[in-house]
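Presented below is the structure to which this report refers.
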Amino acid sequence: MNPTAQDGRTAAVWAVVDSDIGPLLLVATDDGLVTVGFHATEAVRDKTLDRLGSRLGAEPVHAPDSPLLAGPKAQLREYFAGERHDFELPLDWSLVTGFNRQVLRELAAGVPYGAVVGYGDLARRVGSPGAAQAVGLAMGANPLPVVVPCHRVVESDGGIGGFGGGLETKRQLLALEGVLPQPLF
């Protein structure tokens with residue numbers, strides 16, 4: 001059973017799941033997965049949930065067995081096991097607007113597993129050639145990392161670029177997808 005918000009909709013629900021890159025906070029609404037948070041320690045989790053509560057109008061409810069989280073949990077497990085290359089999940093884009101939403105939607109649809117794209121290339125794809133730095137900001141504001149694969153965006157000179165989850169996490173995700181070699185130890 002899912003908790004109900006004041007407006008009669010199902011309240012946003014959350015759970016923390018273990019992954020190869022550490023604990024991930026998953027938050028979902030009736031519309032779909034709304035947040036994936038890295039390094040979901042208790043302090044990080046609480047800060048993220050407080051921030052989401054103000055953005056969504058009510059603090060998400062801990063409901064690890066909610067059907068709203070079943071798909072995301074299963075598909076992330078399959079991804080980290082190397083069994084899934086494409087996420088087929090409903091996504092709640094309500095936390096992202098304007099240019100950032102345009103860039104993240106293009107990234108999700110147009111940069112497949114095992115591929116990378118430069119910040120400038122992604123800017124050109126959305127009709128804003130010269131907006132490489134803005135694309136970088138959009139990546140940093142991505143509320144759905146891994147599922148909306150901001151780890152696949154790299155510098156045009158071959159550098160790995162930045163990553164909200166940390167560069168080691170980005171390296172791990174790119175290695176999982178075969179873009180970088182797996183670490184020796």
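Some points to look at:
- Residue-level check: of (1) surrounded by 18 or more Cβ atoms within 10 Å (Cβ to Cβ); (2) under 24 Å from A175 (Cβ atoms); (3) among the aliphatic types (A, V, I, L, M), V96 misses just (2).
- The listed residue being in the same structural domain as D18 (by the TED database), open to solvent by less than 30 Å² (accessible area, probe 1.4 Å) and in contact (Cβ under 8 Å) with a residue 40 or more places away in the chain, out of P72, P64: P72
- Any hit, the range 75-85, residues being closer than 30 Å to L122 by Cα and in contact with a strand residue (DSSP E or B) (Cβ under 9 Å, 6 or more places away or on another chain): yes
- Taking first residues from the range 84-95 that are closer than 11 Å to V148 by Cα and partners that are assigned to a strand (DSSP E or B), the Cβ contacts under 6 Å between residues at least 6 apart in sequence or on separate chains come to L89/L33; L91/G32; L91/L33.
- Criterion: at pLDDT below 95, open to solvent by less than 40 Å² (accessible area, probe 1.4 Å) and not aliphatic (A, V, I, L, M) - qualifying residue of G120, G161: G161
- Residue among S66, S94, S156 that alone is hydroxyl-bearing (S, T, Y), more than 19 Å from G32 (Cβ to Cβ) and over 13 Å from the mean Cα position of the chain (by Cα): S156
- Test for P149: is it in contact (Cβ under 8 Å) with a residue 40 or more places away in the chain, under 28 Å from P23 (Cβ atoms) and in contact with a strand residue (DSSP E or B) (Cβ under 9 Å, 6 or more places away or on another chain): no
The values are calculated or read from the model by the stated rules, or taken from the named source; none is laboratory data. Predicted, not measured: the structure shown is a model, and the values here were computed from it. For neighbour counting, all protein chains shown are included, and Cβ atoms are generated from backbone atoms with ideal geometry for every residue, glycine included. With ligands, DNA and RNA removed, areas are computed over all heavy atoms of the protein, side chains included. Shrake-Rupley method; radii C 1.70, N 1.55, O 1.52, S 1.80 Å.
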